[in-house]
Amino acid sequence: MRTLQGFNLGKQLRSLSDSARERVWIISPYIGRWPAVTRLLGGSWWTGSFVDLRLITDLSDQRNVNPGTLAWLSDRGKVRSLPGVHAKVYIFDNQAIVTSANLTETAFTKRREIGVWLSADESRETVEIFESWWANEASEVSTTELERFRERRKVGEFDEIDDGAFKLKRLWELPDKPALQLFDIKEAEKTGNYAQYLQKYRELARLYESKQRLWEDAPLYLEVDAFLNFLFHGGARPSEPFKGSARARSLTDESRDREVGALASSFASWLQNHADDKDWRVR
């Protein structure tokens, strides 16, 4: 355990975030402007990796959350709301920072915050608490509500959530801008969409794999590609009713799990009459 404050608090947060390879899990009631958040979290986990991003915040008062930042984070990962949450926790792989600092520029540059950096062994209970809150306490944010944030993405994109500290003097600077200019809207639109695609594809692959593996001697992505092809072209074409739909359906984790399970079973049956599908894909 190590105590952090001042510039070192933001510096260590950025260092752990840049090295994350499996997860970035955050609890913060206040969420600040996008350029400041990218300087605190960096960009290496955003693209070129499959880091699991989860955010627990309090959307009961949306004035405390920058709409642009929430839109970008929800594009890349998953957001849940927990009214009354006051904790500020940042988990990177198996390490964590538990602190008084919200994910805002004000907290890391104007306020005298303090935090403790926990090692992998020391973080276990913190990770378990996050998992419990995520599964049992926090609620999913509806697709409709997320769309409202996305519609407001360009409005107030660079406005900081002040949380009452407008007149405080600046004490420290944020870490350097990430090499990937995520605070640039055009760049964020390009890389954000691709990162979101990678994340969603991996989620689907893992979910599908939890149901079945039909081609054990072939790469998983070939089997998932065949599954997607079946959904669009094969059998009863289950994706046909949703073709051209402007909005994604709002599914809970449980309903998504059930639907993928049922469709995977249909795919397995369909393959019995299409034995050559694997061979040409492998070739």
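Laboratory data are not the source of any read-out in this text; all were calculated from the coordinates shown. Nothing here was measured: the structure is a model prediction, and the numbers come from that model. No Cβ is skipped: glycine too gets one built from the backbone with ideal geometry, and neighbour counts run over all protein chains shown.
Apply the Karplus parameterisation 6.51 cos²θ - 1.76 cosθ + 1.60, with θ equal to phi minus 60°, to every residue of segment 68-74 and state each ³J(HN,Hα) to the nearest whole Hz, in sequence, with x for glycine and proline.
x, 5, 4, 5, 5, 5, 6
Hey, what number do you get for the chain at 222 nm if only DSSP H runs of n ≥ 4 count, each worth -39500 (n - 2.57), divided across all residues, to the nearest 500? Intermediate values should be presented prior to the final figure.
Details: 10 runs with 123 residues, N = 283.
Calculated at 222 nm, the ellipticity per residue is -13500 deg cm²/dmol.
Quick one: 3J(HN,Hα) in Hz for segment 77-87, Karplus 6.51/-1.76/1.60 with θ = phi - 60°, rounded, Gly and Pro as x.
Calculated HN-Hα couplings, in order: x, 10, 10, 10, 10, 9, x, x, 5, 10, 5 Hz.
Which of 119, 143, 255 sits closest to the plus end of the dipole of the chain, meaning its Cα is farthest towards the positive end, when Lys and Arg get +1 and Asp and Glu get -1 on the C-beta?
143
Towards the positive end of the charge dipole of the chain, with charges on Cβ (+1 Lys, Arg; -1 Asp, Glu), say which of 174, 19, 45 has the farthest Cα.
With unit charges placed on the Cβ atoms, the residue in question is 174.
Give a residue-ordered list of calculated ³J(HN,Hα) values for segment 22-34 (Karplus: 6.51 cos²θ - 1.76 cosθ + 1.60, θ = phi - 60°; whole Hz; x for Gly, Pro).
Working through the residues one at a time gives 10, 8, 10, 10, 10, 10, 7, x, 9, 10, x, 5, 4 Hz.
Evaluated at 20 °C with a viscosity of 1.002 mPa s, what Stokes-Einstein diffusion coefficient in µm²/s does the chain have when Rh comes from the Kirkwood expression over alpha-carbon pairs? Could the numbers behind the result be given before it?
On the way: Rh = 20.5 Å.
Estimated diffusion coefficient is 104 µm²/s.
Figure the gain on full extension for residue 259 and residue 151 (residue separation times 0.36 nm, minus the Cα-Cα span) and round it to one decimal in nm. Please report the intermediate quantities before stating the final value.
On the way: separation 108, 0.36 × 108 = 38.88 nm, distance 2.92 nm.
That works out to 36.0 nm of additional length.
Of 64, 242, 228, whose Cα points farthest to the positive end of the dipole of the chain (charges on the beta-carbon: +1 Lys, Arg; -1 Asp, Glu; origin at the Cα centre)?
In the chain, that residue is 64.
How would you classify segment 212-282 from its alpha-carbon gyration tensor, with a ≥ b ≥ c the square roots of the eigenvalues: rounded for a/c under 1.5, else prolate if a/b is greater than b/c, otherwise oblate?
Numbers: a/c = 2.05, a/b = 1.61, b/c = 1.27.
Note, shape of segment 212-282 comes out prolate.
Let me know the charge dipole size of the chain about its Cα centre in debye, to the nearest 20, where only the beta-carbon of Lys, Arg (+1) and Asp, Glu (-1) is charged.
Details: 42 positive and 43 negative charges, 178 e Å.
With only Lys, Arg, Asp and Glu charged at Cβ, the dipole is about 860 debye.
Output the Kirkwood hydrodynamic radius of segment 35-108, Cα pairs only, in Å rounded to one decimal.
Numbers: mean 1/r = 0.0751 Å⁻¹.
Computed over segment 35-108, the radius equals 13.3 Å.
Can you list residues whose amide H is under 5 Å from residue 218's amide H, if they're 5+ apart or on another chain and H is modeled 1.01 Å from N?
none
Let me spell out the model: positive unit charges on the Cβ of Lys and Arg, negative unit charges on the Cβ of Asp and Glu, origin at the Cα centre of segment 212-282. What dipole size does that give, in debye rounded to 20?
Details: 9 positive and 12 negative charges, 82 e Å.
So the magnitude is around 400 debye.
Counting only residues 5 or more places away or on other chains, whose amide H sits under 5 Å from the amide H of residue 4 once H atoms are built in the peptide plane?
115, 116, 117
Which number gives the lysine pairs in the chain that have C-alpha atoms under 13 Å apart and are eight or more places apart or on different chains?
Details: 11/177; 78/200; 110/167; 110/169; 154/186.
Step by step, the pairs that qualify in the chain add up to 5.
For residue 53, enumerate residues with amide H under 5 Å from its amide H, sequence gap 5+ or separate chain, H modeled in the peptide plane.
Here 24, 78 satisfy the definition.
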